[in-house]
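See below for the structure under consideration.
The values are calculated or read from the model by the stated rules, or taken from the named source; none is laboratory data. Quantities reported herein were computed from a predicted structural model and do not represent experimental measurements. Reconstructed Cβ throughout: ideal geometry from the backbone, glycine too, with neighbour counts over all protein chains shown. We work out accessible area using only protein heavy atoms, side chains counted, and drop any ligands, DNA or RNA first. Shrake-Rupley method; radii C 1.70, N 1.55, O 1.52, S 1.80 Å.
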Amino acid sequence: MAEKILLTGGAGYIGSHTYVALVEAGYEVTILDNFQNANRSVIARLEQLTGKPVPLAEADVRDATTLASLFADHQFDAVVHFAALKAVAESVERPLDYFDVNIGGLITLLRVMEAAGCRTIVFSSSATVYGVPDETPTPETAEFRAMNPYGQTKVSGEQILNQLVAADARWAVGILRYFNPAGAHDSALIGEDPRDTPNNLMPFIAKVAAGEHPELQVFGDDYDTPDGTGVRDYIHVEDLARGHVLSLSSLLGKRQTHLVNLGTGEGHSVLQMVAAYKRASNRDVPYSVTARRAGDVPVYVAQAEKAEEILGFRTVRSLDEMCASSWKWIAGPHSKEDPGSEGDA
Ligand code: UFG
């Protein structure tokens, strides 16, 4: 019988791509989402993509009563936990919201899981836990250096999970530290929602290429990098989604707790991203160089070998494929749907 998975935040950008990957891998997946930062029309498109109804609970991950009744109804074998707030600048302005949702939500979820006897979880962490790392590519052994409340919530989440495993060996936990997700599903039915002014580079470049913003601001060209602009390890969201399937199947099979970076091991600068997007879209991407953005890190690149050793995970999609799939999504009809709901998918 198919194993049953609860996917929190499953209507969001990474969550929706992971939903498709999990269903394709044969899991029976229920989405929990409060649509605070996701688009309702994603659900219909997930149904179109997978050819079956999406089991959905519209609820907040801090709602213990709803969570408990979901576990009673479905007897989940594992949870893949995305539901969280993720904007760095917002976390500096509203730290309590970040602690409440990201840490409070995790604790609520873990308590309900414990009570239901479900002790398998994949947790969304981030390269942000490294702060400004001493070493690039950065290994998983680099120390925690959170630089803002958002990063602090990811460090705390990891620590809570590690202490839980130390206290009770029945828990099996996969901690996945994402580098910079980019691109969209090849079908162009789901992607990163571009409606609001994006904070991140890729969706912003996409808006400029689409003519919805006059130009990109390049935040600093005086970093110690080959062209002076910030370097990141961009990973195709479909590769990232597959990383979750591998983590989950390893947890359910071997019950071996693991911590891995999910990245390609290769860095690209802001100007290289602009050039790649121009190639993929055949549009101009005008930019001007402005001051550095406060709190930015010069270089984030993953040491990617551990994920390969432990999970057999290797990225297979190139930067050009990230840009091409992003452009196909942005230029297609679906990225403009559902203008009435709030936030990004
Ligand atoms: N950048 C620009 N102009 C923009 C936006 C970004 O020049 O309009 C530059 C940034 O300065 C940086 C690079 O593009 O050099 C990437 O910036 P993003 O905002 O896309 O991504 P970050 O790496 O800063 O942050 C992302 C997530 C965080 C996460 C971090 C960890 O937003 O939540 O990756 O890798 F913590």
### Query
When residues of the range 253-284 are filtered for being within 14 Å of the ligand (Cβ to nearest atom) and under 20 Å from Gly151 (Cα atoms), how many remain?
3
#### Entry: Residue in the range 103-122 that is surrounded by the most Cβ atoms within 10 Å (Cβ to Cβ), counting only those that are closer than 21 Å to Tyr178 by Cα and touching a Leu at 6+ places or on another chain (Cβ under 6 Å)
Val122
### Summary
By residue number, the members of the range 156-169 that are among the charged types (D, E, K, R) and either more than 30 Å from Gly117 (Cβ to Cβ) or crowded, with 16+ Cβ neighbours inside 10 Å (or both) are Glu158
### Query
Can you find even one residue in the range 211-229 that is under 20 Å from Gly265 (Cβ atoms), of a type outside the set (Lys, Arg) and in contact with an Asp or Glu (Cβ under 6 Å, 6 or more places away or on another chain)?
yes
### Task
Check off (1) free of Cβ contacts under 8 Å to residues at least 40 places away in the same chain; (2) closer than 25 Å to Gly174 by Cβ for Asn282 and give me the number that stays unchecked.
(2)
#### Entry: Matching residues in the range 141-156 - criterion: being more than 13 Å from the ligand (Cβ to nearest atom) and either assigned to a helix (DSSP H, G or I) or of a type in the set (D, E, K, R) (or both)
Glu143, Ser156
### Message
Looking at the range 285-320 only, could you name the residues that are more than 10 Å from the ligand (Cβ to nearest atom) and among the acidic types (Asp, Glu)?
### Response
Glu305, Glu308, Glu309, Asp320
### Message
When you scan the range 123-130, do you find a residue that is surrounded by 21 or more Cβ atoms within 10 Å (Cβ to Cβ), within 12 Å of the ligand (Cβ to nearest atom), assigned to a strand (DSSP E or B) and over 14 Å from the mean Cα position of the chain (by Cα), even just one?
### Response
no
### Task
Considering only the range 287-311, state which residues are open to solvent by less than 50 Å² (accessible area, probe 1.4 Å) and either of a type in the set (Lys, Arg) or at pLDDT 95 or above (or both).
Ser288, Thr290, Pro298, Val299, Tyr300, Val301, Ala302, Ala304, Ala307, Leu311
### Query
Taking the range 172-199, which residues are within 14 Å of the ligand (Cβ to nearest atom), of a type outside the set (Asp, Glu) and at pLDDT below 95?
Pro194, Thr197, Pro198, Asn199
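In contact with a helix residue (DSSP H, G or I) (Cβ under 7 Å, 6 or more places away or on another chain), closer than 30 Å to Ser335 by Cβ, at pLDDT 95 or above and open to solvent by 40 Å² or more (accessible area, probe 1.4 Å): is that true of Arg62 in this structure?
Numbers: in contact with a helix residue (DSSP H, G or I) (Cβ under 7 Å, 6 or more places away or on another chain): yes; closer than 30 Å to Ser335 by Cβ: yes; at pLDDT 95 or above: yes; open to solvent by 40 Å² or more (accessible area, probe 1.4 Å): yes.
Against the criterion (in contact with a helix residue (DSSP H, G or I) (Cβ under 7 Å, 6 or more places away or on another chain), closer than 30 Å to Ser335 by Cβ, at pLDDT 95 or above and open to solvent by 40 Å² or more (accessible area, probe 1.4 Å)), Arg62 qualifies.
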### Summary
The strands (runs of 3 or more DSSP E) lying wholly within the range 170-262 that contain at least 3 residues that are open to solvent by less than 10 Å² (accessible area, probe 1.4 Å) and closer than 23 Å to Arg314 by Cβ are 172-178, 258-262
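Conditions (1) polar (S, T, N, Q); (2) surrounded by fewer than 17 Cβ atoms within 10 Å (Cβ to Cβ); (3) closer than 17 Å to Val20 by Cβ, marked per residue:
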{"site": "Leu46", "(1), (2), (3)": "no, no, yes"}
{"site": "Leu49", "(1), (2), (3)": "no, no, yes"}
{"site": "Pro53", "(1), (2), (3)": "no, yes, yes"}
{"site": "Ala57", "(1), (2), (3)": "no, no, no"}
{"site": "Leu70", "(1), (2), (3)": "no, no, no"}
{"site": "Phe82", "(1), (2), (3)": "no, no, yes"}
{"site": "Pro95", "(1), (2), (3)": "no, yes, no"}
{"site": "Asp100", "(1), (2), (3)": "no, yes, no"}
### Task
Starting from residues that are among the β-branched types (Val, Ile, Thr) and open to solvent by less than 50 Å² (accessible area, probe 1.4 Å), keep the ones in the range 312-331 and report whichever is farthest from Leu246 (Cα to Cα).
Ile330
